[in-house]
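Trainee: One structure, as structure tokens, below. Some questions next.
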Amino acid sequence: MSDPIHVKAVSYGVSECDPIELIASQDRTRRLVFLPVIHNKPNKNGSVTGCFVYQRKRKTDDWERISNGSESLSKLKAGEGYKLDLPTDAVTKLISGLMDIEEIAGAVNSGKTNTTFVPSAKELAPVLEQLLNTLDDDTLLDELFKLSKDNALRFNDLVLNARIRAALKYWEDHREDANEENWQKFFNQRPWILALICSEPIIVYKEKMYTGGTNASGSGGKNVDYGLINKQTNNTALLEIKTPLTSVLAKEYRSIFPPSRELSGSVTQVQNYKYNLLKNLVGLREGMEPFDAVDVATYVVVGDTRQLTDDIKKRSFELYRRNLSGTVVLAYDEVFERLRILLSR
């Protein structure tokens with residue numbers, strides 16, 4: 001159901017519902033409706049009956065609630081008939097409306113009368129899906145612009161909430177995915193998550209950003225996974241990702257766990273990207289949108305803190321990353337925990 005439906009008990013065992021509008025004139029002075037009636041004690045014909053009513057009114061008047069039509073087909077003489085044309089969209093509205101009323105009838109028969117029924121989640125999803133598939137973005141934006149300020153903010157919050165929940169669901173379903181390309185695709189489709197990694201307002205400037213390093217033969221070029229930019233200052237940051245299954249610690253060494261080859265290699269790799277970026281800055285700026293490189297921050301997303309199974313491993317991991325200069329290391333689950341915290345606010 002797309003709109004709330006009001007139900008009112010009119011006699012013992014009988015409830016009337018809002019009319020199902022099938023056809024309406026452009027000036028809203030004429031319309032054809034179906035008036036549904038719910039019987040609290042269903043008979044062999046079911047719980048819902050009703051009749052078609054054609055109404056007229058003045059432009060300034062409201063539609064009157066009509067319990068029964070003024071004309072009855074029983075007055076027809078032999079050989080006479082009454083033709084009622086229903087276009088396709090009116091038939092669709094009738095069928096959809098009756099399905100809604102049938103569902104409401106179950107609640108009414110359980111004693112819920114004189115109330116208002118609103119769309120349930122399972123009913124809203126296909127409605128929203130249909131709107132997205134049939135309306136262009138500009139039309140949708142125009143309609144959203146008509147919302148009150150409070151409802152527009154609420155709608156925006158709901159959309160953000162849905163995006164976060166979808167991202168968390170992906171994480172829960174793919175936590176064991178060791179394919180780096182899949183994670184690249186995930187972040188490419190959700191660049192707003194990358195902004196949560198950084199302490200400054202940053203957006204994705206370029207995926208697979210070239211940082212220089214090509215030799216005379218044309219080989220050796222360096223491409224960092226993500227070039228980020230602070231839109232307020234144009235300063236750049238570099239981000240490299242691995243996978244949640246990438247090891248972060250090596251074997252124990254004298255009661256401590258040094259960083260794994262993969263972790264230390266990732267840190268050195270992103271720092272080398274920074275080195276090449278600064279060295280080739282003048283050439284790289286040509287043909288690109290303006291960007292600066294002042295003490296470029298570097299980030300690595302790698303591994304999962306589930307690998308840190310005891311306090312010594314946790315301390316070892318923290319000792320390594322807290323003593324890095326200019327590079328921030330985050331585990332995948334820490335990134336998604338930031339999303340989870342947003343939901344709890």
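What follows draws every value from the coordinates through simple rules; no lab data is involved. Here the structure is a predicted model, which means the values were calculated and not measured. Here the Cβ positions follow ideal geometry from the backbone for every residue, glycine too, while neighbour counts run over all protein chains shown.
Trainee: If each of residue 78 and residue 63 carries a label point 7 Å out from its Cα toward its Cβ, how far apart are those two points in nm?
Mentor: 3.9 nm
Trainee: Apply the Karplus parameterisation 6.51 cos²θ - 1.76 cosθ + 1.60, with θ equal to phi minus 60°, to every residue of segment 157-165 and state each ³J(HN,Hα) to the nearest whole Hz, in sequence, with x for glycine and proline.
Mentor: 5, 5, 5, 4, 4, 5, 5, 5, 4
Trainee: Suppose each label sits 7 Å from its Cα in the direction of the beta carbon; what would the residue 306-residue 232 distance come out to in nanometres?
Mentor: 3.7 nm
Trainee: So if each residue of separation counts as 0.36 nm, and I subtract the Cα-Cα distance between residue 92 and residue 281, what length gain in nm does that give?
Mentor: Stretched fully, the residue 92-residue 281 segment lengthens by 61.8 nm.
Trainee: Can you give me the long-range amide H partners of residue 235? Hydrogens built in the peptide plane at 1.01 Å from N, cutoff under 5 Å, separation of 5 or more residues or another chain.
Mentor: Amide H neighbours of residue 235: 230, 292.
Trainee: Strictly over 32 Å apart at the Cα level, which of 231/314; 146/185; 185/231; 83/146; 185/314; 169/313 would you flag in this model?
Mentor: Correct reply: 231/314; 146/185; 83/146.
Trainee: Multiply the residue separation of residue 134 and residue 168 by 0.36 nm, subtract the distance between their alpha-carbon atoms, and state the gained length in nm to one decimal.
Mentor: Net length gain for the segment: 9.4 nm.
Trainee: Amide H of residue 243: which non-local residues (sequence gap of 5 or more, or other chain) have their own amide H closer than 5 Å, using H built in the peptide plane?
Mentor: Placed amide hydrogens put 303 under 5 Å from residue 243.
Trainee: Okay, moving on. For the ranges 321-330, 28-37, 150-159, 268-277, what's the packing order if you count other beta-carbon atoms within 10 Å of each residue, average per peptide, and put the highest first?
Mentor: Result, highest mean first: 268-277, 28-37, 321-330, 150-159.
Trainee: Between residue 14 and residue 251, what is the spin-label point distance in nm, taking each point 7 Å from the Cα along the Cα→C-beta axis?
Mentor: For the pair residue 14/residue 251, the computed spacing is 8.7 nm.
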